[in-house]
Every structure is written in structure tokens, then in C-alpha cells.
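Since the structure comes first, as C-alpha cells, the remarks are kept for the end.
Nothing in this text is a laboratory measurement; each read-out follows from the coordinates by a stated rule. Because the structure is a prediction, the values reported are computed rather than measured. Positions of Cβ are generated from backbone atoms using ideal geometry, with glycine treated the same way; all protein chains shown enter the neighbour counts.
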Amino acid sequence: MTLFTVGPVEMHPDTLDVAGKQLPYFRTEQFSQINLESERILKKLAGASENDKVAFLTASGTGAMEAAIINAFDEKDRMLIVNGGSFGHRFCEICDVHGIPYDEIKLEFGEELTESHISEYDGKEYSALLVNIHETSTGQLYDIDMLSAFCRKNGMYLIVDAISSFLADDISFNRDGMDIMIISSQKALSLSPGLSAVIMSSRIFDERISVRKSVCLYLDLKSHIKNGERGQTPFTPAVGILLELNSRLKILEAKGIDRIISETAERAEYFRKIVKDLPVDIPEFRHSNAVTPIVVRNGNAHGIFEQLMSEGMVVTPSGGDLRDKVLRISHIGNLKLEDYDKLKNHLERVLS
Ligand SMILES: *Cc1c(COP(=O)(O)O)cnc(C)c1O
């Protein structure tokens, strides 16, 4: 079985070794040191600085998205949300549940986010822009420079769900003017699902998060930051995934962020090249290196997903309107160029 899915992904042997071991007790100096080291490396890979804050949450990515929003904003704010698919829609759902006002920039499948979409919202007093920089449900990568410049000009906080872009695309916390970056374990980090990280600029932490009343005990970022200063968490964390994280981060640090991204880009380009002669189309918008969306011309995408899975090749199916239209092939996780040659052979046969 080979996973060409966006998460969980193919895990590396070193991670699987860590995952197979007895867990330690965690309220110890040794475990604290491990987490402080992970925080340091994570910041480095994300392009964050010493002063920025990191909270490790035992939650899937959605928990971290929710934590980021409810700790910084409330019903007196107004959000601008890029809703280009199911993850953008999730930001809207979070604001709905918590009564936080918002406007959404809604994109159809295949519609590229451009300057003309956002210029309409210029000068309109929003507190923040919420964006999934790679909308994983479609494979579109938004232009971080454009969004970052828009936020700077309008004095807005920039909240980036980078869950499927971190380690795959050229994004960088400080360079790109982010106030919050959201990361999760099961995407390019290639760990077990269940651990997420929220990176916060000292600006948003000081101006918003540290001064507000807590609205959720479990997802209170203030208490996570306070405990994190000594390498701990307020509640029992996903101890095993924190150990997987530490082991993987040390390997990633040695490799360096540029090489990590360029290897992912190489896999993406390779796959996009070898499927050119198959009866599928790749939409025109800007792509993340993490995923290639393919539109199946015969309109039986879900059936093809099932057939491929029965042959041990697990690609990512789509939901909703895209169910029979789009498959997504991941380039994150422990995948090699040869894996794409194999997938291409299966695809060629199943599609004909
Ligand atoms: C995977 C992903 C998430 C997290 O989803 P969970 O199911 O909560 O882990 C959030 N945003 C994006 C862009 C993602 O790709």
C-alpha cells in the first residue's frame, strides 16, 4: 500500500521506530528539554524568530485553527476569509460557531485568487485576513506576497493556515508578515495525526492573546505559552507524537528548509510531467508543491480512487461537488520518484 494522500502520509522509518516504543512519563526535565529543542527547530524551519511564540496543541489542525481565532478575536472584530474550498469554508464555520462577524471571498473550483478579488475589500476596517495559504481541497496555492501586502496596507493581522504548505512551499513567517501560522503533524511533517502547532508573532500575542479573557479552557493559548516556557503543556499532550516530532525535526534541520522544499517541488514537477499524456487535466491556477489536482475527463474520479486503492495505490479522493471530478496526488511524505512511475502505470490502465 502506498499513500499518495495528503494526510496521513507515508511515514519515514525513523518516525516509525520512535512510534513503536514505550512512552515515557512526561512531567520531567528530560521531556521539557525535548520540547524546547523542537520549538527552536520548528521556528527556524518556519522562518519565525526567537521572540515569536509556539503553542503545541493535542488536536487535529482544525483545533489549532479554532484556537488561533478564538484566542485573538471576538464579536467586536470583523474577519475577511478567503473561502476557496472546504478548508476556507471551515474558517467560516468557526466564526459562525463563535459569533465572529466576517465577509468571505468565495472562489469557484478553478478560479484563481487575484488582486481584483481582494482590492474590493481595501480600506474596509477588517481586523484580520484568514487564509489557508494552500487550499488543500483544490490544490490552489494563493499568492502570499499579494495577501501580505494587502494586510500590511490595511493594518490587518495575517492569519495563515499553512497546514499543507509548511515544508512544501516557499512560505516564511517573518518574511511574509504573518501573525499566526498554523501547522499540523500529519501533513509534510509526516507524523501521526493529533498534534498541531500555533506560531504567534509577539505583536499578536501582546496586543490580543495575552490581554484577553480565556474563552476556552482546553485551547487557551495563554496557558499553553506559559507552560511552554518550561517545555511543558497544560494538559497531557500527545507524548508519542511530540517524540516523533523531535526526531523528525532534527533530521529536517540537518537537511535545511530550502532542500526540503526543492525535493518536494521535484516530486510535484516529475508527476505533472509524466501524466501529460493521460486523459486528465491539471487546473491552471498556481499549485502548491504538496499536491497535484487532476480533473478526470471521463468523470468517474471516485470509482478510479476505489479501483486504485484496491491495487494498493491510495490517492486522495474529493468530496462534495468535486467527488467525481477531481483526484489529488500528494507529494509530501516518504515518496520517491519511482513511486510516481508506478502510480502512472496504474492510472494509465485504470483510466483507459
Ligand atoms: C489537513 C488540513 C487541515 C486540518 O484538518 P484536520 O482534519 O482537522 O486535521 C486544515 N487546513 C488545511 C489547509 C489542511 O490541509
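The DSSP beta bridges internal to the stretch 68-182 are antiparallel in roughly 10% of cases.
At full extension, residue 262 and residue 223 could sit 10.4 nm farther apart than now, given 0.36 nm per residue minus the alpha carbon distance. On full extension, the segment bounded by residue 349 and residue 120 gains 77.8 nm, given 0.36 nm per residue less the C-alpha separation. Among 240, 312, 84, the residue with the largest mean-square fluctuation in a Gaussian network model of the chain, with springs joining Cα atoms closer than 10 Å, is 312. A quarter of the convex hull surface defined by the alpha-carbon atoms of the stretch 271-352 gives 5.2 nm² as the mean projection. Panel note: the C-alpha atoms of the chain, placed on their principal axes, show extents of 60, 54, 33 Å (largest first). For the stretch 53-161, the relative contact order works out to 27 percent when only alpha carbon pairs closer than 8 Å and six or more residues apart are counted. Note on the chain: with a GNM built from Cα contacts shorter than 10 Å, the maximum mean-square fluctuation among 199, 274, 159 falls on 274. When you filter the trypsin sites (Lys or Arg not before Pro) in the stretch 1-87 for DSSP loop state and at most 11 other Cβ atoms inside 10 Å of their Cβ, you are left with 21, 27, 76. The shape of the stretch 125-267 can be summarised by an equivalent ellipsoid whose semi-axes, obtained from the alpha carbon gyration tensor, come to 24, 23, 13 Å from longest to shortest. Footprinting exposure proxy ranking of 136, 264, fewest other C-beta atoms within 10 angstrom first, gives 264, 136.
For residue 213, the lysines whose Cα falls under 22 Å of its own Cα, not counting residues fewer than eight places away in the same chain, are 53, 76, 222, 226. Each other residue within a Cβ distance under 15 Å of residue 342 adds +1 if Lys or Arg and -1 if Asp or Glu, for a net charge of -2. Look at the alpha carbon pairs under 8 Å that are at least 6 residues apart: their mean separation over the length of the chain gives a relative contact order of 25 percent.
As a rough footprinting exposure proxy, the listed residues 26, 166 were ranked by other beta carbons within 10 Å of their own, and the order from fewest upward is 26, 166.
For the options 176, 281, 17, a Gaussian network treatment of the chain with springs between C-alpha atoms closer than 10 Å singles out 17 as fluctuating the most. Beta-bridge orientation, the chain: approximately 50 percent antiparallel, per DSSP, counting only bridges with both partners inside.
Note on the stretch 239-271 and the stretch 179-204: Cα centroid distance 14 Å, given to the nearest whole angstrom. Note on residue 337 and residue 22: the extension gain reaches 110.0 nm, defined as 0.36 nm multiplied by sequence separation minus the Cα-Cα distance.
Counting alpha carbon pairs within less than 8 Å and at least 6 residues apart, what relative contact order, in whole percent, applies to the stretch 150-303? It rounds to 21 percent for the stretch 150-303. Under the combined filter of DSSP loop state and at most 16 neighbouring Cβ atoms within 10 Å, the stretch 225-258 retains these GluC sites (Glu not before Pro): 229. The DSSP beta bridges internal to the stretch 1-152 are antiparallel in roughly 20% of cases.
The distance from the alpha carbon centre of the stretch 276-329 to that of the stretch 11-71 is 32 Å, rounded to a whole number. Projecting each Cα onto the charge dipole of the stretch 1-145 (Lys/Arg +1, Asp/Glu -1 at the beta carbon, about the Cα centre), which of 2, 80, 32 comes out farthest on the positive side? So the residue we want is 32.
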